[in-house]
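As structure tokens, the structure follows; a few thoughts come after it.
The values are calculated or read from the model by the stated rules, or taken from the named source; none is laboratory data. Because the structure is a prediction, the values reported are computed rather than measured. Cβ: placed from backbone, ideal geometry, glycine included. Neighbour counts: every protein chain shown.
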Amino acid sequence: MNKSLLFAWIAAVIATLGSLYFSEVMHFIPCTLCWYQRIFMYPLAIILGIAFYKNDRDIYKYVLPLSIIGMFISGYHLLLQKIPYLQQFEMCTTGVPCSKDYINWLGFITIPMLAFIAFTIITVSLVSLQRRSR
């Protein structure tokens, strides 16, 4: 059993289920950047699950780019919410603004921060997997 792969898969599943909970149960409408983050996170839950089941230690070659790109998108989204100056460069021109905070736990935990943490956990786990595979 590969613990790094399991840890990455669990992070992706929790992030996917959390995203679905916020939109389907809490009825939070995703902004444009949230959709981009979902595009990169949802496949990870499936791909990492299959890789864990098959004990595929080479999966990092295919999944690491997805998690790194998702990490950059969620990092930008987080900065957009927390730095008012950046809101003038906001991409979301229709629908929900990307700078909207649906949740703000403890004054700093927002949905983009949760996504950033999940992408970071996945990325670190896959880098660890890559180093052990060499």
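Out of the residues in region 120-134 that are in contact (Cβ under 8 Å) with a residue 60 or more places away in the chain and β-branched (Val, Ile, Thr), which is farthest from residue 19 (Cα to Cα)?
Across region 120-134, the extreme among qualifying residues is 127.
Listed residues 67, 23; which is in contact (Cβ under 8 Å) with a residue 40 or more places away in the chain and out of contact with any Asp or Glu (no Cβ under 7 Å at 6 or more places or on another chain)?
Going through 67, 23 in turn, the sole match is 67.
For region 67-93, enumerate the residues that are among the polar types (S, T, N, Q), in contact with a helix residue (DSSP H, G or I) (Cβ under 7 Å, 6 or more places away or on another chain) and either assigned to a loop (DSSP other than H, G, I, E, B) or at pLDDT 90 or above (or both).
Matches in region 67-93: 67, 74.
When you go through 96, 124 one by one, which is the residue that is of a type in the set (A, V, I, L, M) and assigned to a loop (DSSP other than H, G, I, E, B)?
On inspection, the qualifying residue turns out to be 96.
When the residues of region 83-119 are narrowed to those that are aliphatic (A, V, I, L, M) and farther than 21 Å from residue 16 by Cα, which ends up surrounded by the fewest Cβ atoms within 10 Å (Cβ to Cβ)?
Across region 83-119, the extreme among qualifying residues is 106.
Yes or no: region 19-30 includes at least one residue that is closer than 12 Å to residue 126 by Cα and buried (at least 18 other Cβ atoms within 10 Å of the Cβ).
Scanning region 19-30, I find no residue that is closer than 12 Å to residue 126 by Cα and buried (at least 18 other Cβ atoms within 10 Å of the Cβ), so the answer is no.
So, in region 105-126, exactly how many residues are in contact with a Ser or Thr (Cβ under 6 Å, 6 or more places away or on another chain) and within 21 Å of residue 29 (Cβ to Cβ)?
Number satisfying all stated conditions: 3.
Could you check region 95-119 and list, in sequence order, the residues that are of a type in the set (Ser, Thr, Tyr) and free of Cβ contacts under 8 Å to residues at least 60 places away in the same chain?
Hits for region 95-119 are 99, 110.
Test residue 35 against the stated conditions and say whether it is outside any loop (DSSP other than H, G, I, E, B) and either more than 24 Å from residue 134 (Cα to Cα) or acidic (Asp, Glu) (or both).
Here the answer is yes, as residue 35 does meet what is asked.
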